[in-house]
Amino acid sequence: MKLNNKIAVITGGARGIGLAIAQRYLSEGASVVVADIDSAAIETAVAILGQQARAEKVMGIELNVCHQASIDAMVDAVTRRFGGIDILVNNAAIFDMAPVLEVTEASFDKQFAVNTKGMFFTLQAVARSMVNRGQGGKIINMASQAGRRGEALVSVYCASKAAVISLTQSSGLDLIKHRINVNGIAPGVVDTPMWEEVDALFARYENRPLGEKKRLVGEAVPFGRMGLPEDHTGAAVFLASQDSDYVVAQTLNVDGGNWMS
């Protein structure tokens, strides 16, 4: 029970890695807030989590990280219900891809609005709440192996996740004086529903059959397969617990050996 009596907010928490982390946090004793833009997915996630823990341990709230008013309303609602926030997992993100010559301004702006700007201002709002409360906290930003390097067809997504890693470093250095640890997790290729969309985009731009890119990237992972959402929950518990009190401004690779740093 490494997170006993802690209050954890997980953005993009209604599916995939976010939901897996929510389930693991509950098993470690935390109360969990699923914050997501999809109200129907929130309802489903809360029902799943409700089978695991008492209703008072789970909260669902609609959140659009692109709107400051929505971020502030989320922080206020969680504070009113639970008294504060101990852990934030910045997991909300979107993906798009195209050759450099075909990237649109709309796609560029949307990816940075969600993946980078939304992440940062959610971090800022929750960190302010943590500072006012005076008990420190843990903030975990979900980056990506894509943030460690460029990819020809994924230029903007790679850049947005590289910015997440950089902001994790700067925020971690600034906020540790308040005993707020900011760190990140960089997943590799993860078998979530989003990968069906990613595979379809690769099929389009690389002229491949559907399913081939997904198969190939899974085979290329040194571990021997794509990651699963559950593969990331151990690192998420570590970075949210006292075990990581002396870990500051780091981004952990959880990718089956795809990237070494």
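Please treat every number below as a calculation from the coordinates, not as lab data. Model, not experiment: these values are computed from the prediction. In this analysis, Cβ positions are derived from the backbone assuming ideal geometry, glycine residues included, and neighbour counts consider all displayed protein chains.
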(message) Output wanted: per-residue J couplings in Hz (rounded whole) for segment 172-180, from phi through Karplus 6.51 cos²θ - 1.76 cosθ + 1.60, θ = phi - 60°, x for Gly and Pro.
(response) x, 5, 7, 8, 5, 5, 9, 6, 10
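Only four residue types carry charge here, +1 at the Cβ of Lys and Arg and -1 at the Cβ of Asp and Glu. Report the dipole size of segment 1-97 about the Cα centre in Debye, rounded to the nearest 20. All intermediate terms of the calculation are to be shown ahead of the outcome.
Details: 8 positive and 10 negative charges, 89 e Å.
The dipole magnitude comes to about 420 debye.
If you wrap a convex hull around the alpha carbons of segment 1-40, what volume per residue comes out, as a whole number of Å³?
Details: hull volume 2.1 nm³, N = 40.
Value for segment 1-40: 52 Å³ per residue.
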(message) I need two numbers for the chain: Rg to one decimal and Dmax as a whole number, Cα atoms only, in Å.
(response) 17.7, 55
(request) Mind computing the radius of gyration and Dmax over the alpha-carbon atoms of segment 6-138? Å is fine for both. (result) 15.3, 52
(message) Whole-Hz ³J(HN,Hα) for each residue in segment 41-54, computed from phi via Karplus 6.51 cos²θ - 1.76 cosθ + 1.60 with θ = phi - 60°, x for glycine and proline: what do you get?
(response) 5, 4, 4, 5, 5, 4, 5, 4, 5, x, 6, 9, 8, 4
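Suppose every Lys and Arg Cβ carries +1 and every Asp and Glu Cβ carries -1, with no other charges. What dipole size does segment 153-261 come out with about its Cα centre, to the nearest 20 debye?
Values: 9 positive and 13 negative charges, 50 e Å.
Rounded to the nearest 20 debye, it is 240 debye.
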(request) Taking H placed 1.01 Å from N in the peptide plane, check which residues at least 5 places from Thr251 or on another chain put their amide H under 5 Å from its amide H. (result) Gly184
(request) Work out from phi, with θ = phi - 60° and the Karplus expression 6.51 cos²θ - 1.76 cosθ + 1.60, the ³J(HN,Hα) of each residue of segment 183-191, listed in order in whole Hz, and give x for Gly and Pro. (result) 9, x, 10, 10, x, x, 8, 10, 7
(message) In the chain, once you exclude exposed trypsin sites (Lys or Arg not before Pro) (DSSP loop, at most 11 other Cβ within 10 angstrom), what's the longest stretch remaining?
(response) 150-261
(message) Checking the cross-link filter: which aspartates and glutamates have an alpha carbon closer than 12 Å to that of Lys2, excluding same-chain neighbours under 8 positions apart?
(response) Glu28, Asp243
(request) Can you find, among Pro229, Phe112, Ala30, the residue farthest towards the positive end of the dipole of the chain? Put +1 on the C-beta of Lys and Arg, -1 on that of Asp and Glu. (result) Ala30
